[in-house]
Structures are given as structure tokens and as C-alpha cells.
Amino acid sequence: MKIVIIGGVAAGTNAAVRARRNSEEAEIVIYDRDVDVAHAGFATHYAVGGQVESMDKLVPYDAKWFKDIYNIDVKTQHEVVKIDHDKKSVTVKNLETQDEFEDSYDTLVFANGTVFGTPPVFRDKSFDNMFRIKTVQLGRRLEDYIKKENPKTAIVIGAGYIGLGVSEQLTKAGIKVRTVDFLKYPMAQLDNDMSTYIADILEENGVTFHGNEGVVELQSDGDCLESVTTSLNHVYEADMFILSTGVKPNTELAESIGVEIGDTRAIKVNEKMQTNLKDVYAVGDVAEAYHAITKKPIYLPLATTAAKMGRVAGDVITGGDLTFKGILGTSVVRLFGHTIAGTGMTETLARTDGFEPIVLTSVQSDHLSFMGGKDMIIKAIAHPETERLLGFQIIGPEGVERRIDVFATAMTANMKA
């Protein structure tokens, strides 16, 4: 059997490794258009801020390692540009030489992740001092710019997972940061009554936060962006700009061969990561998951979900019987000494889905107060009729991640409130 995997980050490499553990005979090839493989490109700003020793630490494995350890052929800087599923062949372009060639497959796995979600005002625009966070190569570009140009001010556009992390790390690098988001509060993954505390954390640590402001106009001198105008008609100037406005699934190639797209606009898959086409699978950020509570499709591009999906697909392709169990969307973000975590449904989502939840918000010390304990804010959501746990959100200095893990475990085990 020959397995061709398009994409070599968390989902693609986990699929390949699991398939190899099940089968020594399978021929496994990964094609990825990036320079690096199995990288943590989403964390490059932590190298910029000095939290990670160097960008090299974010690329722990290379193509040679996968070949030597698992006999998996990884071809970086190779882009699959066309698929003929009737012939079971792919056309691949070598991005270094621009040469194209064909390769065959018995099983095809889409693990080609995401493309940037770009607001209309930024489409088809690029500037020497505007950056995005996604790959290690993009991170190196940001790092080089800061070292060479020594910027004093930055505007971060977007206040999700990446935007918050970038705001923190640029501040630690000595840069004055202004964060702008079209939503009222940071982190749309939480309810507003929790997200308001995140805005306070930013302000307390020198980051100016502007909610309810989308960027509607750009002012540049050609090569460099000088300022942005927001929907409130405010003009903000800076030396550099970080565009952190999210991602969307990279489905164009899959759609070209008739792969079905789900309600979330990601590739629709079943619990075995199979698409509607025989011998075609989709895993990771290009595929939709389903919520473990509602059982409805959900799109939440996280590395942990991608790794689980990859392992399931690699197992099934080589004769295993693993199934994907859905996700609670558990996530943890650190911000200026505080930890922000959530799992399961928000109150807003629970009401939208008709649960009519009961909500408890409590302030608890992370450990004994006379031992220096500090307050955590905990929001718990449950269904009063069934006593089912629906979701939790916690913000605090210490111990947050341990508690959110316990809550996620309890929800997975269907424990009652």
C-alpha cells in the first residue's frame, strides 16, 4: 500500500507515524510546501520574546529524522498542485526547481491545514513591516526585522490565541503594543463576562486594548505600513504591525476532486476521518471535528485535535479500529502571569443550542490564602434537568490548567454536576 499525505505538521506526521507503527510494508510519503516539517510555527512569537531559546527549538525534527526513525519519506518545499482521483495520482511541484512530476497513491490524506483569514482591507496587500504568525519561516522574518530595525511600537490586529500571545511577547521584548479587535473583548472562545478580565490584564501590563474597532483603511508609503484607520475613525500609527485575524480551512485542492465540505466550511469526515470519496481521508485543521457534548460539527483548529485526528486516520488506513471521539475544545493560554483556560461549551453556546443552563461564577483561592494564594475566577455551566456538566472557564495566576484538566476529564466521563 502507498499512502500519500498532503501536509507535514501535527496531523500529517501523526498519521504517518501511526500508519508505520501498524505496518512495516506500507510506503508512506509526505509532501509539504513549507521548508520545515513537524514544526511549532504557531509559537514563533515566544522565540521573539525570549521565552523559547531560539527558532530552531520549534523545529525538533526534519525529513532525515523521519526517514531514519520511521522510514517515512518527507518531501519539503514540494506542493501538490493537482489530483486525479480516478487515476489515483498527484501532480507535485518542486518549489526549489519549479519542476513538476506525478506520483501515485492507494490512499490519500489531506492534512494541508489552513490559509490565513484576511480582512478585506488587507487582501492582496503586503508591507515590509507587517507580519503574520503561522510558520517558522514567517517567525524568522519577524525576528530579523526586530533585530535590524529595533521598532519601538507595534499594533496587533486580532485578540485571539495568537494575538494575545504576540501582544505579551512583543511587550516583553520592550516594544509598546496596541491591540485592536473588531469584537468588544479579547478571546471570543470565552463568554464576555470572562473576556472582560483579559482586557484588564492587557491594560495592567501596558498593552492598550481597543475593542469594537475593525481596521477599515490603511495608510502607507508604499513599502511600509504607517498607520491604520478603524471603524471608529481612529488613526493609529506604529513602527510594525502584526495581522492576527485567524485562519480558515485550506479546502481548495480537496474540493477540486469532489470532496464534500461540511457546514463549518471544513472537510466533512466521519469518526474514522474518512471523506465521501473512497480511500481519501482528511485530518487536522483542514477537517471539521464534532463537539463531544452537542455531537454537532465544529471547527476549532488546535494542534492537539490535529494530532488525535492524524493518529485515528493512520490507524484506520492500516487496518486498525480507532475512532475519533469528538472534542471539548479544551485550551489554555498564558498572559502576563495569568492563565486563561476553557473547556466545553460557553454559556452563550449552551443557550444557542437550547440547553437553558444554570451558571455558577465563583472566586476561589488557587491555594491557601495564608500561604500566598491568589484568586481564580471560575465559571461553571451545567444543564439543570440532567445535571450534565456543559463547560468551564477559569482565569487565574496558578493552578488553572490542573483544574481545567479535571473538569475536561469529568465531562468526558459524563459525570454529573
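The values are calculated or read from the model by the stated rules, or taken from the named source; none is laboratory data. Small disclaimer: the values here were computed from a predicted structure and weren't measured. A quick note on method: Cβ atoms are made from the backbone with ideal geometry, for glycine too, and the neighbour counts reach across all protein chains shown. Each accessible area value is taken on the protein alone, full model and side chains, heavy atoms only, with ligands, DNA and RNA left out. Shrake-Rupley method; radii C 1.70, N 1.55, O 1.52, S 1.80 Å.
In table form, for the structure just shown:
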read-out	value
Å² of accessible area per residue within the chain, as computed with a 1.4 Å probe and no ligands counted	47 Å²
Label assignment, semi-axes √(5λ) of the Cα gyration tensor in Å derived from the structure, set (i) 46, 20, 19; (ii) 48, 39, 16; (iii) 35, 30, 20	(iii)
Total formal charge among the other residues, if their Cβ is under 11 angstrom from that of LEU202, Lys/Arg +1 and Asp/Glu -1	-4
Spin-label model distance (nm) - GLU252 vs THR208, 7 Å beyond Cα toward Cβ	3.7 nm
Coil-residue trypsin sites (Lys or Arg not before Pro) of the stretch 169-219, DSSP, other Cβ within 10 Å capped at 15	LYS184
Accessible carbon and sulfur surface of the chain relative to its total accessible area, %, 1.4 Å	48 percent
Accessible surface, 1.4 Å probe, highest first, among residues MET371, MET411	MET371, MET411
As computed over the stretch 45-153, the Cα convex hull volume per residue (Å³)	173 Å³
Separation in nanometres of the label points that stand 7 Å from Cα toward Cβ, at VAL359 and ASN414	2.8 nm
Zone of PHE101's modelled label, taken as backbone nitrogen in the stretch 22-49 under 19 Å from a point 7 Å along Cα→Cβ	27-35
Under Karplus coefficients 6.51, -1.76 and 1.60, residue-wise ³J(HN,Hα) of the stretch 178-187 in Hz, glycine/proline x	10, 10, 10, 9, 6, 8, 5, 10, x, 6
Computed over the stretch 89-176, the ratio Rg/Rh where both radii use C-alpha atoms and Rh is Kirkwood	1.10
Long-range amide H partners of HIS78 with built H, under 5 Å	ASP32, ARG33, ASP34, LEU95
Net lengthening on full extension, ALA303/MET1 (0.36 nm per residue, minus Cα-Cα)	106.0 nm
Anchor LYS295: lysines whose Cα lies under 19 Å away (excluding residues fewer than 8 positions away in-chain)	LYS268, LYS272, LYS308, LYS325, LYS416
GluC sites (Glu not before Pro) within the stretch 39-118, DSSP loop, no more than 11 other Cβ atoms inside 10 Å	GLU53, GLU96
Relative contact order, percent, the stretch 79-170 [alpha-carbon distance under 8 Å, six or more residues apart]	12 percent
Inter-label distance for ASP124 and LYS87, nm, one decimal - labels placed 7 Å from Cα along Cα-to-Cβ	3.3 nm
Additional length obtainable on full extension of the chain from LYS325 to MET371, 0.36 nm per residue less Cα span	12.5 nm
